[in-house]
Amino acid sequence: MKKVLILGASGSIATLVEENLIEDSQVQMTLLVRHPERLTAAIRNDNRVTVVVADVIKDTTTLTQAMRGQDLVYANLYGANLKQQGQAVVQAMQTAKVDRLIWISANGIYGEVPGKYGKWNQQMLGSTLDAYAAGAKVVESSSLAYTIIRPAWFSDKETINYELTQKGQTFKGTEVSRKSVAAYIGTLILDDSQAIKQSIGISEPHTEGAKPSFY
């Protein structure tokens, strides 16, 4: 049985990941949320799911307790205080002796997005991009076996179609479906030996341009 702790478990990507993982009888999930009512009833009531209500920064004791015995932590967090959230997560993982972390960030945190789209992305995200960059820096500076994921802008397409870039490579594309990101996260959870200490950009092929098609 693989034990996975999901932080920010009521988010849109996290919900899709949970819906995929619930189909696998060998996965046991602990979902840490501030608003449990936002979890779908099917997920919340499954006998392989434990729900923990806590704030990553304010409830560090609860966070650390939730991590004990887990094989992997998938952090789907956001907010202006991502640096502090990252510090709390890293500290709790080290205390609980859990090493594997999947951390969701954003495209553009390294200035790796070129041209007009890069400028548009920076203008649209503003200080949010700075927060994502600060959170990622905390994770990269840790001793954890992390994978940082940097998605393009989310679309609601039903298709799963994505390409990956590494840190240091120019980011490709402007958009990616939520289902694609969730599918990739699922592959990392089920085979967590992939992409260790890597920062991965994810986008839909052939979506280059000045901005995503839905803007």
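The share of accessible area on the chain that comes from carbon and sulfur is 48 percent, using a 1.4 angstrom probe.
What is the Cα centroid distance between region 139-215 and region 1-78, reported in whole angstrom? The two parts, judged by their Cα centres, are 21 Å apart. Applying 1/(1 + (r/R0)^6) with r as the Cβ-Cβ distance of His35 and Thr62 and R0 = 22 angstrom yields a FRET efficiency of 0.90. Taking every Cα-Cα distance in the chain and sorting them into 10 Å bins starting at zero, the pair-distance distribution P(r) comes out as 9, 36, 38, 16, 2 percent.
The accessible area of Leu190, taken with all protein chains in place and a 1.4 Å probe, comes to roughly 100 Å².
When the trypsin sites (Lys or Arg not before Pro) in region 14-60 are filtered for DSSP coil states and for at most 16 other beta-carbon atoms within 10 Å of their beta-carbon, the remaining sites are Arg34, Arg48, Lys58. For the chain, leaving out every one of the GluC sites (Glu not before Pro) that falls in a DSSP loop and has at most 10 other Cβ atoms within 10 Å, the longest unbroken run is 24-157.
Per residue, the chain exposes 46 Å² of solvent-accessible protein surface, assessed with a 1.4 angstrom probe and all protein chains in place. For the chain, no complete DSSP H run has alpha carbons reaching 27 Å or more along its own long axis together with a mean Kyte-Doolittle score of 0.5 or higher.
The values are calculated or read from the model by the stated rules, or taken from the named source; none is laboratory data. Predicted model, so just to flag it, every value in this text is computed and none were measured. Note that each Cβ is placed from the backbone with ideal geometry, even for glycine, and that neighbours are counted across all protein chains shown. Side chains included, ligands, DNA and RNA excluded: accessible areas come from the protein's heavy atoms. Shrake-Rupley method; radii C 1.70, N 1.55, O 1.52, S 1.80 Å.
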